[in-house]
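**Q** Questions regarding the structure given below will be posed in turn.
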């Protein structure tokens, strides 16, 4: 999967380079040659780095195998737990926002009454 995902990212990057170099003017060199050369060079570089990382580096492969083993141990939340936790977070955030709004309104009124805060009449206070 690492090779497949890395290859997919390399192809997407090469396509991005192809599109980016298509709008520039390259003087006497045809634009298509520059596009193709840059895209192929990028894909080849990514392929070499991927091969070096996955096929030649024993430590990297051991890390990927250990990561896969650890991911199998993870206790993933169920949909019901996720929905319940999300509702609690949203309601708590709304309660804190309302609490802050209430204190802001109270302190605005008090400081306006004490003539410490001057508010224009158009603001509705």
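The values are calculated or read from the model by the stated rules, or taken from the named source; none is laboratory data. All values reported here derive from a predicted model rather than from experimental measurement. Here Cβ is always computed from backbone atoms with ideal geometry, including for glycine, and neighbour counts include all displayed protein chains.
**Q** So residue 75 passes all but one of these: (1) closer than 30 Å to residue 4 by Cα; (2) part of a helix (DSSP H, G or I); (3) under 25 Å from the mean Cα position of the chain (by Cα). Which condition number does it fail?
**A** Unmet condition: (2).
Conditions (1) loosely packed, with under 10 Cβ neighbours inside 10 Å; (2) modelled with pLDDT under 90; (3) assigned to a helix (DSSP H, G or I), marked per residue:
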{"site": "25", "(1), (2), (3)": "yes, yes, no"}
{"site": "29", "(1), (2), (3)": "no, yes, no"}
{"site": "43", "(1), (2), (3)": "no, no, yes"}
{"site": "55", "(1), (2), (3)": "no, yes, yes"}
{"site": "62", "(1), (2), (3)": "no, yes, yes"}
{"site": "66", "(1), (2), (3)": "no, no, yes"}
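**Q** While we're looking at this one, here's another question. What residue, of 37, 27, is closer than 22 Å to residue 10 by Cβ and over 28 Å from the mean Cα position of the chain (by Cα)?
**A** 37
**Q** Here is a list of conditions, (1) within 26 Å of the chain's Cα centre (by Cα); (2) at pLDDT 95 or above, and residue 106 meets all of them except one; can you say which number that is?
**A** Answer for residue 106: the failing condition is (1).
**Q** Shifting gears a bit: Here is a check on your reading of the model: is residue 91 part of a helix (DSSP H, G or I) and closer than 30 Å to residue 117 by Cα? Full working, then the answer.
**A** On the way: part of a helix (DSSP H, G or I): yes; closer than 30 Å to residue 117 by Cα: no.
The answer is no for residue 91.
**Q** Would you mention how many residues in segment 32-41 are exposed (fewer than 14 other Cβ atoms within 10 Å of the Cβ) and free of Cβ contacts under 8 Å to residues at least 24 places away in the same chain?
**A** Total satisfying the criteria: 4.
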